[in-house]
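Below is one structure, written out as structure tokens; comments come after it.
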Amino acid sequence: MQEKRQARQRRNKPMRTHVERKHKRTTNALAILDRRYFEGKPQRVDELEEARANHDVAVKIRLLREMAGMTQAALAKLVRTTPSVICRSEDADYEDRPLRMFWRIAVVLDHRVEIRFVRARRKLV
């Protein structure tokens with residue numbers, strides 16, 4: 001009896017002509033990726049920021065070395081380390097970059113290390 005009543009109620013409901021969406025439909029790939037992987041996931045956003053910072057440092061070290069016309073081996077010799085240490089410093093996935101090594105590289109390449117703290121785009125607390 002109850003099943004018949006539910007079937008009757010379903011038949012009497014108006015059909016939806018469109019699907020209700022949480023978000024406005026978009027074809028922007030960046031917006032889709034942001035929504036899928038980062039929206040409402042602060043830990044993922046933090047990981048992304050860290051990865052960007054690591055990438056920036058690695059690229060800057062490599063560019064400075066190349067602008068000086070040096071190979072990794074030549075820079076390593078002047079910094080008194082091994083080429084593999086320079087290679088790791090230029091790798092964005094390498095996380096254990098000692099600040100002291102940056103100073104040594106900067107001195108050899110006639111630069112200085114500058115650390116800046118900039119306001120976060122979002123509140124952390």
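Side notes on the structure shown:
- Considering segment 40-55, and only residues there that are loosely packed, with under 12 Cβ neighbours inside 10 Å and more than 10 Å from the chain's Cα centre (by Cα), the residue that is farthest from D91 (Cα to Cα) turns out to be G40.
- Within segment 64-105, being closer than 29 Å to E47 by Cβ, among the aliphatic types (A, V, I, L, M) and either in contact (Cβ under 8 Å) with a residue 40 or more places away in the chain or touching a Pro at 6+ places or on another chain (Cβ under 9 Å) (or both) holds for L64, A92, I105.
- Positions within segment 92-113 being exposed (fewer than 10 other Cβ atoms within 10 Å of the Cβ) and within 21 Å of A51 (Cα to Cα), in sequence order: D93, D96, L99, R100
- Qualifying positions in segment 24-80 - among the small types (G, A, S) and farther than 30 Å from M101 by Cα: A29, A31, G40
Just so you know, all these numbers are worked out from the coordinates, no wet-lab data involved. No experiment lies behind these values; they were computed from the predicted model shown. Cβ: placed from backbone, ideal geometry, glycine included. Neighbour counts: every protein chain shown.
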